[in-house]
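Data first, discussion second: the structure below is written as structure tokens.
Quick note: the coordinates plus some simple rules give every number you see, no bench work behind them. Remember, it's a predicted structure, so these values are computed and weren't measured experimentally. Note that each Cβ is placed from the backbone with ideal geometry, even for glycine, and that neighbours are counted across all protein chains shown.
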Amino acid sequence: MLTSYPSQLPPLYDTAPYIVVGSGIAGLAMALELSKHQRVILITKSSVNESNTTYAQGGIASALDLHDSPELHYQDTMMAGAGLCDPEAVLALVYDGPERVRHLIDIGVPFDRDSENNLSLTREAAHSRRRILHANGDATGRAITQTLIRLVVNSPQITVYENHFGLGLATVNGRCCGLVALFQNEPRLFLSSVVALCTGGLGQIYGSTTNPPIATGDGMALAYLAGARLKDLEFVQFHPTALALPPAPPFLISETVRGEGAILLNGKGHRFMPEYHPLAELAPRDIVARGIFAEIQKGNQPVYLDLSKIPPATVRSRFPNIYETCLRYRLDISANPIPVAPAAHYVMGGVETDLFGRTAVPGLFAAGETACTGVHGANRLASNSLLEGLVFGGRAADYLKEQPITIPEISEEIQIHYPPRYTEYADMAKDYRRLRELTDNFLGIVRNATGLSRAKEQLESISAAVGPFAWDPAYFELQNMFLLASLMFDAALTRTESRGGHYRDDYPPPQSHWRKHLVFHQSTKEVIG
Ligand code: SIN
């Protein structure tokens, strides 16, 4: 047990021009691109195979079809973002996207093809064209990461450190120059010219989430503690259709199932989505999620995803991953409807970056779900997340290859930005359960001032105790989640309107004066236009 952080630096373990943290599509794509130039250290808190990307089912959106164009993809993305997308960032996404996706094809990602060997493109909610590439049916993320990981582990220029948990960023004279990572409960120092955080999202702050256990928001917390800005944290996307078959976890039932013709029925067998939006099941995600939530609130549960319009053989071949998973819980989806409910899926906000992944801290970069590039605004268009990781991971690498490299010597000037509180949780499991109850109940699909302020107070009283602590990643993950949840409650309380993934039943209409962003920086909160 420790009562304070050691004043001396942990032992120096390795140095390289670039440190990339995280092994999803953004981190892998960035590391590969940087490795063409200089040596890269890739740090990941679990196995290199474990990331949010690995679980992505539906696919990656890109305007590759003759009947599609980046301009149409731009319009759909802007429309979904409900007035808060950054147009420049969306242009970079949709115009860079096709070339970077073609590169994935060139390096061997096995995207599915039709009988004439053309790419098989599907449609998802709020896309005006069929533009979603998928692989192995509904295992797109895994196909992409496996291809990239093969190249990463075979690259002599990349050293992968698995099971290394990023604990605090290192800075010298305000510039990021490395990080401290925990390995087998021992802190190790890594120094570099640049650190890029590609650590994914924070779905695990919710009890009901489609995200894997690693998604605890670590990169966002690390960046904030080192002086970066966190933006748009109130915008959380709830996936409309997660499996609702307890005790099965809320496993993702891909939107592409609706894209291929499945419809939603309430417990009375009534197709309700046309009453909520003209695009019915293919309306933007927030609208479908709120439609399902409203039916459940009215007592019309369970809500089912009815696949009867899709031939059973197609269900099995097109969605093998979902089919096999549901079968493990004794549900044959080629013959039965799937009980579904919304679950936390993606956070639109994150570490504020520019179009090259630069954050407010010199030398610190971010990409993928960790970052807030501005492409998603208040609500992300389906299958734009893998594309964002690929495009902005690549753009950051392209930028960095042109920059001078400076790796500092060990000195007393180096400062480590450890989490500020030294809290030993008497019962970490209980506090974690409590955190997730507060987020599920009060920071969910429908929010209001009473619930948000009461929950925020309770959250802060749980996380305020001070005491000894241990070098245990689980302890720091919980610290990170408490920190982020507290900022998210604050942001959700401050935004007195409804927009995209943020819905307040005490302020239902969007307000033109709220076409703005909320940014947290050290202990301040700013509204920017
Ligand atoms: C899905 O397959 O429905 C998830 C895709 C996404 O979140 O973009």
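Can you give the FRET efficiency to the nearest 0.05 for Asp472 and Thr524, using r as the Cβ-Cβ distance and R₀ = 35 Å? Show your work: numbers first, answer last.
On the way: r = 31 Å, r/R0 = 0.88.
About 0.70, to the nearest 0.05.
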Roughly how many nanometres apart are two label points built 7 Å out from the Cα toward the Cβ at Thr406 and His67?
5.5
Output the 0 to 90 degree angle, nearest 10, between the alpha-carbon long axis of helix 384-400 and the longest principal axis computed from the alpha carbons of the chain.
30
How do 17-30, 428-441 rank on mean C-beta neighbours within 10 Å, highest first?
17-30, 428-441
Sorted by packing (mean other beta-carbon atoms within 10 Å per residue), highest first, where do 378-390, 149-161, 61-73 land?
378-390, 61-73, 149-161
Roughly speaking, what is the centre-to-centre gap between the range 232-307 and the range 357-394 when only Cα atoms are used, to the nearest Å?
27
Given the DSSP H assignment, sum -39500 (n - 2.57) over each helix run of at least 4 residues in the chain and divide by its residue total; what's the result at 222 nm in deg cm²/dmol, nearest 500?
-10000 deg cm²/dmol
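Applying a 10 Å radius around every beta-carbon, put 83-94, 221-232 in order of their mean neighbour count, most first.
On the way: 83-94: 20.9, 221-232: 24.4.
The densest-packed peptide leads the list: 221-232, 83-94.
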What one gets for the chain as the Kirkwood radius, inverse of mean 1/r over different Cα pairs in Å, is 23.2
Once fully extended, how much extra length lies between Arg330 and Glu413, figured as 0.36 nm per residue of separation less the alpha-carbon to alpha-carbon distance?
23.9 nm
For an R0 of 30 angstrom, estimate the FRET efficiency from the Cβ-Cβ distance between Glu275 and His513 and round to the nearest 0.05.
0.45
Relative to the longest principal Cα axis of the chain, at what angle does helix 70-80 sit, 0 to 90 degrees, rounded to 10?
90
Angle, helix 87-106 long axis vs. longest principal axis of the chain, Cα atoms, 0 to 90°, nearest 10?
90
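Indicate, rounded to the nearest 5 percent, the antiparallel portion of the DSSP beta bridges found entirely in the chain. Each step should come with its number before you reach the end.
Details: 49 of 72 bridges.
About 70 percent, rounded to the nearest 5.
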With an 8 Å cut-off on Cα pairs and a minimum separation of 6 or more residues, tell me the relative contact order of the range 231-274 in percent.
20
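To the nearest 0.05, what FRET efficiency results for Val446 and Lys309 with a Förster distance of 45 Å applied to their C-beta separation? Working shown, then result.
Numbers: r = 30 Å, r/R0 = 0.67.
In this case the efficiency is close to 0.90.
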Dipole of the chain (Lys/Arg Cβ +1, Asp/Glu Cβ -1, origin at the Cα centre): which of Val347, Tyr304, Tyr161 lies farthest to the positive side?
Tyr304
Calculate the spin-label point distance for Gln184 paired with Asp427, positioning each point 7 Å from the Cα along the beta-carbon direction, and give it in nanometres.
3.4
